[in-house]
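Trainee: Here it is, the structure in full.
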Amino acid sequence: MPKETTTEDVPIVKQKNTDEAVEAGLARLTPERIKTTINQVLENETGPKFKAYVETCMHCGLCAEACLYFLSNDRDPSYSPAGKVKQTIWEMLEKKGDVSTDFLRRAVHIAHTECNVCKRCSMYCPFGIDIAYLMLMVRRICHKLEITPLYIQDTVNSHSATMNQMWVKEDEWIDTLQWQEEDAREEFENLRIPLDKVGADIMYSVIAPEPKFQAGLIYQAATIMHAAGIDWTMPSSPGWDNSNMAMFTGDNEISGRIARAFYETAARLKVKRIVMGECGHAFRSIYDVGNRWVGWAMPPFEVVHAIEFYHQLLTSGRITIADKYKKTVTLHDPCNVSRGRGLHDMAREVTNMVCDSFIEMTPNREHNYCCGAGGGVINCGPPYKGERMINNRVKAEQLKATGAEVLIAPCHNCHSGLEDIVHHYDLNMEVKFLGDIIFETMEKKIFNPGD
Amino acid sequence: MTRTLVFMGFILFLFTAVVAFSNTEPGTDELERLDTSAFEKPQRPGAVFGHDDHNEMAGIEDCDVCHHVYDGKNRVEGESSEDSPCSECHSLKANPENLISLSVAYHKRCRNCHFETNKGPVLCGECHIK
Amino acid sequence: MNAFIAFIMGPMVWIAFLIFILGLIFKLVVIIKDVNARESYVYSYLSVKYSLRSIFAWLIPFFPQSTRQSPVFYAISYIFHLLLFIVPVFLMSHIVLVNEAFQLSWFALDDTLADILTVIVVLALVFFAVRRQTVPEVKYLTSFNDYVLLIIVALPFITGFLAYHQFFFYRQMVIAHVISGELVLILIPFSKFSHMVMAPLTRAYMGSEFGNVRHAKDW
Ligand code: HEM
Ligand code: HEM
Ligand code: SF4
Ligand code: SF4
Ligand code: SF4
């Protein structure tokens, strides 16, 4: 008889990182506070949906196949979607909230750094159980216990104080826009970045990292808008940032404030629709999540993601491509706009309109693997970066198999996450936004309906 | 441990299955059985029924308890039907003329009485002995 | 003894079926009330079209990606769930009993075929148990209760099989069979077996979110 091995016998010995905020938070906790907080959230902030998900799960493990963490860690069951629920929610329920700080250290790690809330698993569970929702519930508990990881908590603090994610001050914001306007005028003489133009067709919105680190993207966007002859505007006041990290930390109150400020800005400018840059989670915030917090089933404005916008510009001839992009490209489907909004086919069409040779990566479309950075995981910062690289080995393998020179990632989070992956696994790929390529290949002339 | 148990259970189950399928003749031919020739494709062996022993034990003297005669809905008192097979009235399938099919007639006749008197077999295999 | 058998094969069957059906209805009513009271936003997203789209997509064998990735398990599970209903509903011995009680009858399986199908059901359950032991990600999720569920479903099939073959303790076996069959029916609304009604609900909601909001497929 071979020696029995059970999961109890073989604990998963793996270094799990933590950070000062988590540790300091844990040190402040008392057993009573843990218990009352957990029970308060599980009893008062959930409902029949939560109950159905917990009760209906047949422990069949089929969701495992969906999760990049499970697949990247040699099928370690503790990374399977239901496995993560077992280590968090099930145990909280079983112990009626009476859990230790060690348990919480593990729980916060799982919910914040071992799940991208990408919902791929909901497509693999025969019941359609929403594991991402359960993980967000764990994050909500961690938020209420004040043990949210340091870096992502900082972004929420920034949101709370400035209504943007990166502590960008109001004058800094306006300066940046004017600076980009000035630079872009070298390309187009009369180019403007119209601020606060009431009644414009389009409000263009970006995430705070753009003015902070990647101002060139605003330049590109302005050029494209100008060339396409769009009646557009950008707000000068807080509410310009469409990102929302609070939605990922379970700080629903701040998340609601952010979304409200954003829609109110669009309302103040009386625009017809909102167009946003290439970002996935920001899209999720203003298209799917934020609106629910301020009481709208669907967003009060038409929200158009860059992919869809480029598609419109290219198919309507407002932008023409001078010379198609020559390098071989592959396309990463950002979860939040493919599985989250079905833009994957448009993304392919846009890619084919601007690039010569497009190589598909598999799995793709709704079934893409997340970049591993999304859902606030990358925002937990440097302490967790090493793990993040290990946890998305499948993405690296998937990228490598395409053999493409350029990787298009039409999402900020994906972009940064994939750059890390490409670097860590020596994949020797250039990571680009669709906008980068369009900017590079388009004819720099102003659209004239008569032409 | 549990793995061993499951494995042993599995073996036991296979074993039973093999025995089950090979074991068609348990040697009960000598038993007196009801004639099943009226059934097109009898699924079970005819019910074991020793007519005289049964009636002696059960103290049944009137034949028409079982071998009754009906005229429409009403039983015809004093007449009995020992000479005709049950299937003459009770067709294989219930029909407007006779609502009680042959098998139901048998089952009800036997089981209802056994339930009422709290004596005798009432389960399928207690009559349809293999 | 016959009186006891008369009870478990008579009134107790009524009781079991009533608990089974009323229990499921009760469960649905509680959920609907709960949704109305606490999560009425669900109705803003729920759509008949997308609910049915998702449910049907998931009913087609080997259509969803997930089923193609674990074909053996899904095939067995599919067969198991079908037979779970087909065997008892179309079993000659069951129909005979219904026929005697209500003059109702319908197509019956050949006894030998039903017997083979019964063995298949039990083998499927054995497969589930072995899978719980051997596949790490399933083992990790498995607790004692999951085996109890498997045993509870297996009981009516095993006892029915043993009774049909009249191997031993025939009378006791049928009694055990009837009681275990009734137990399964009674437990369905109050255990994880209630996934029978929960599955369409959770699928409908996820299907609606994917169809209505996400404009994407969920299979
Ligand atoms: C609710 C009350 C039930 C009653 C009164 C009942 C009655 C019976 C009877 C009298 C037999 C025949 C035994 C023989 O041939 O000697 C039988 C067989 C069987 N029953 Fe039931 N049953 C019930 C519920 C169930 C349920 C819920 C299931 C399945 C979920 C089930 C599955 C079976 C099977 C699989 C067999 C035998 C098949 C074979 O021939 O191997 N029964 N049942
Ligand atoms: C229409 C009704 C039902 C549906 C749609 C359904 C669906 C499912 C699904 C989706 C699973 C998850 C894994 C898999 O795909 O097999 C499952 C597992 C299971 N179901 Fe059902 N089910 C139904 C009725 C029932 C009933 C009535 C029972 C028992 C009385 C049952 C017993 C089981 C068992 C034991 C498992 C677990 C298998 C394992 O251990 O992996 N199901 N069912
Ligand atoms: S939501 Fe995505 S990352 Fe999270 S468990 Fe599911 S598949 Fe894994
Ligand atoms: S696939 Fe669904 S039912 Fe199965 S273990 Fe995962 S969450 Fe639970
Ligand atoms: S960062 Fe990109 S791939 Fe990752 S969750 Fe967000 S959208 Fe998905």
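Trainee: Please name whichever of B:Ala105, B:Pro85, B:Val69 sits farthest to the positive end of the charge dipole of the stretch B:48-130, dipole taken about the Cα centre and charges placed at Cβ: Lys and Arg +1, Asp and Glu -1.
Mentor: Of B:Ala105, B:Pro85, B:Val69, it is B:Ala105.
Trainee: Could you grab the relative contact order for chain A? Cα pairs under 8 Å, six or more apart, rounded to a whole percent.
Mentor: It comes to 16 percent, rounded to a whole number.
Trainee: So what's the net charge close to A:Asn44: Lys and Arg +1, Asp and Glu -1, counting the other residues with Cβ under 15 Å from its Cβ?
Mentor: +2
Trainee: Okay, moving on. To the nearest whole percent, what portion of all C-alpha pairs in the stretch A:320-441 is separated by more than 23 angstrom?
Mentor: Cα-Cα pairs of the stretch A:320-441 separated by over 23 Å account for 25 percent.
Trainee: Here's another thing I want to ask about it. Taking just the alpha carbons, could you work out the radius of gyration and Dmax for the stretch A:193-287, both in angstroms?
Mentor: Rg, Dmax (Cα atoms, Å): 13.0, 41.
Trainee: Ratio of Rg to Rh for the stretch B:48-130, alpha carbon only, Kirkwood?
Mentor: Looking at the stretch B:48-130, the ratio lands at 0.96.
Trainee: Convert 20 °C to kelvin, take the viscosity as 1.002 mPa s, use the Kirkwood radius over C-alpha pairs of the protein assembly as shown as Rh, and evaluate the Stokes-Einstein diffusion coefficient in µm²/s, rounded to a whole number.
Mentor: 69
Trainee: Please check chain A for the longest run free of GluC sites (Glu not before Pro) that are loop-located per DSSP (anything but H, G, I, E, B) and have at most 13 other Cβ atoms within 10 Å.
Mentor: Between the exposed loop sites, the longest stretch runs A:9-185.
Trainee: May I ask you to derive the FRET efficiency for C:Phe4 and C:Ser191 from their Cβ-Cβ distance with R0 = 30 Å, giving the value to the nearest 0.05?
Mentor: FRET efficiency, C:Phe4 to C:Ser191: 0.70.
Trainee: Would you mind pulling out the separation of the Cα centroids of the stretch A:184-204 and the stretch A:223-246, in Å?
Mentor: Centre-to-centre distance over Cα atoms comes out at 9 Å.
Trainee: Moving on. Using Cα-Cα distances under 8 Å and only pairs 6 or more residues apart, what relative contact order does the stretch C:60-167 have, in percent? Intermediate values should be presented prior to the final figure.
Mentor: Details: 63 pairs, mean separation 22.7, N = 108.
Here the relative contact order equals 21 percent.
Trainee: Follow-up question, since we're still on this one. On the first, second and third principal axes, largest extent first, how far apart are the outermost C-alpha atoms of chain C in Å?
Mentor: For chain C, the Cα extents along the three principal axes come out at 60, 40, 35 Å.
Trainee: With +1 on each Lys and Arg Cβ and -1 on each Asp and Glu Cβ, how big is the dipole of chain A about its Cα centre, in debye rounded to the nearest 20? If you can, show how the numbers build up before the last one.
Mentor: On the way: 49 positive and 61 negative charges, 236 e Å.
Roughly 1140 debye for chain A.
Trainee: For chain A, what is the mean residue ellipticity at 222 nm derived from helices alone (per DSSP H run of n ≥ 4: -39500 (n - 2.57); sum divided by total residues; nearest 500 deg cm²/dmol)? Don't skip to the answer; put the middle values down first.
Mentor: Details: 22 runs with 207 residues, N = 451.
Mean residue ellipticity at 222 nm (helix-derived): -13000 deg cm²/dmol.
Trainee: Here is a further query. Looking at the protein assembly as shown only, what percent of DSSP beta bridges run antiparallel? Nearest 5 please.
Mentor: On the way: 4 of 26 bridges.
Antiparallel: roughly 15 percent of the beta bridges in the protein assembly as shown.
Trainee: When the Debye formula is applied to the Cα atoms of the stretch A:20-148, each taken as the same point scatterer, what base-10 log of I(q)/I(0) results at q = 0.11, 0.14, 0.17, 0.20 Å⁻¹?
Mentor: Those come out to -0.35, -0.58, -0.84, -1.12, one per q.
Trainee: Another question, if that's okay. Mean Kyte-Doolittle hydropathy of -0.5 or higher plus an axial Cα length of 30 Å or more: which whole DSSP H helices in chain C meet both?
Mentor: Values: long enough: C:11-38 (39 Å, 1.81); C:111-134 (34 Å, 1.44); C:144-165 (31 Å, 1.53).
Long hydrophobic helices here: C:11-38, C:111-134, C:144-165.
Trainee: If one computes the Cα centroid of the stretch A:290-363 and of the stretch A:13-81, what distance in Å separates the two points?
Mentor: So the two Cα centres are separated by 33 Å.
Trainee: With unit charges on the beta carbons (Lys and Arg positive, Asp and Glu negative) and the dipole taken about the Cα centre of the protein assembly as shown, which residue among A:Gln153, A:Leu343, C:Gln65 sits farthest to the positive side?
Mentor: A:Gln153
Trainee: Taking the simple approach of a point 7 Å from Cα along Cα-to-Cβ for both C:Gln103 and A:Lys16, what is their distance in nm?
Mentor: 6.8
Trainee: Return the loop-located chymotrypsin sites (Phe, Trp or Tyr not before Pro) in the stretch A:121-224 (DSSP other than H, G, I, E, B) with at most 15 other Cβ atoms within 10 Å of their own Cβ; answer none if there are none.
Mentor: Here the chymotrypsin sites (Phe, Trp or Tyr not before Pro) that fit, given the DSSP loop and packing criteria, are A:Trp167, A:Phe188.
Trainee: Something else about it: Calculate for chain C the 222 nm mean residue ellipticity that helices alone would give, adding -39,500 (n - 2.57) per DSSP H run of length 4 or more and normalising by residue count, nearest 500 deg cm²/dmol. Let's see the in-between values first.
Mentor: On the way: 12 runs with 170 residues, N = 219.
The helix-only estimate for chain C comes to -25000 deg cm²/dmol at 222 nm.
Trainee: Next question, about the same structure. Treat chain A as a sphere of radius equal to its Kirkwood radius over Cα pairs and apply Stokes-Einstein at 10 °C in a medium of 1.306 mPa s; give the translational diffusion coefficient in µm²/s, rounded to a whole number.
Mentor: Translational D for this selection: 70 µm²/s.
Trainee: Any idea what the dipole of the stretch A:320-441 comes to, in debye rounded to 20, about its Cα centre with Lys/Arg Cβ at +1 and Asp/Glu Cβ at -1?
Mentor: With Lys and Arg at +1 and Asp and Glu at -1, about 260 debye.
Trainee: Would you calculate the separation in nanometres between label points at B:Glu61 and C:Phe56, each defined as 7 Å from the Cα along the Cα-to-beta-carbon direction?
Mentor: Each label point is offset 7 Å from its Cα along the Cβ direction, giving 7.2 nm.
Trainee: For peptide C:34-47, compute the average count of partner chain beta-carbon atoms within 10 Å of each residue's beta-carbon.
Mentor: Whole-number average of other-chain Cβ neighbours for C:34-47 is 3.
Trainee: Applying 1/(1 + (r/R0)^6) with R0 = 22 Å to the Cβ-Cβ distance of C:Thr112 and C:Val89, what FRET efficiency is obtained, to the nearest 0.05?
Mentor: For R0 = 22 Å, the calculated efficiency reads 0.80.
Trainee: Determine the dipole magnitude for the stretch B:48-130: charges of +1 sit on the beta-carbon of Lys and Arg, -1 on that of Asp and Glu, nothing else is charged, the reference point is the Cα centre, and the result goes in debye to the nearest 20.
Mentor: Details: 8 positive and 15 negative charges, 138 e Å.
My answer is approximately 660 debye.
Trainee: If I fit a long axis through the Cα atoms of helix A:412-424 and take the longest principal axis of the Cα atoms of chain A, what angle between them do I get, 0 to 90°, rounded to 10?
Mentor: For helix A:412-424, the angle is close to 70 degrees.
Trainee: A further question on this structure: Using only Cα atoms, locate the centre of the stretch A:98-147 and the centre of the stretch C:62-77, then give the distance between them in Å, rounded to an integer.
Mentor: 27
Trainee: Modelling each spin label as a point 7 Å along the Cα-to-Cβ direction, I'd like the A:Lys169/C:Asp34 distance in nm, to one decimal.
Mentor: Label at A:Lys169, label at C:Asp34, 5.2 nm between them.
Trainee: May I pose another question? Tell me, Kirkwood radius of the stretch A:153-313 from alpha-carbon pair distances, in Å?
Mentor: The Cα-based Kirkwood calculation yields 15.5 Å.
Trainee: Please compute one quarter of the surface area of the Cα convex hull for the stretch A:177-231 and express it in square nanometres.
Mentor: 3.6
Trainee: Here is a follow-up. Which value does Rg/Rh take for the stretch C:1-129 over its C-alpha atoms, Rh per Kirkwood?
Mentor: Using only Cα positions, Rg/Rh for the stretch C:1-129 is 1.07.
Trainee: Additional query: Averaged across A:293-302, how many Cβ atoms of other chains sit within 10 Å of each residue's Cβ atom? Can you show the working numbers first?
Mentor: Details: counts 0, 0, 1, 1, 6, 4, 0, 0, 0, 0.
Other-chain Cβ atoms within 10 Å of each residue's Cβ, averaged: 1.
Trainee: The stretch A:51-122: which trypsin sites (Lys or Arg not before Pro) are DSSP loop and have at most 16 other beta-carbon atoms within 10 angstrom?
Mentor: Here the trypsin sites (Lys or Arg not before Pro) that fit, given the DSSP loop and packing criteria, are A:Arg75, A:Lys95, A:Lys96.
Trainee: Between A:Ala401, A:Val41, A:Gly280, whose Cα lies farthest towards the positive end of the dipole of chain A when Lys and Arg beta carbons carry +1 and Asp and Glu beta carbons carry -1, centred on the Cα centre?
Mentor: A:Val41
Trainee: Follow-up question, since we're still on this one. Evaluate E = 1/(1 + (r/R0)^6) for B:Cys89 and B:Phe49, where r is the Cβ-Cβ distance and R0 equals 25 Å; express this FRET efficiency to the nearest 0.05.
Mentor: So the FRET efficiency works out to roughly 0.85.
Laboratory data are not the source of any read-out in this text; all were calculated from the coordinates shown. Keep in mind it's a predicted model, so treat the numbers as computed, not measured. Glycine gets a Cβ as well: all are built from the backbone with ideal geometry, and neighbour counts include every protein chain shown.
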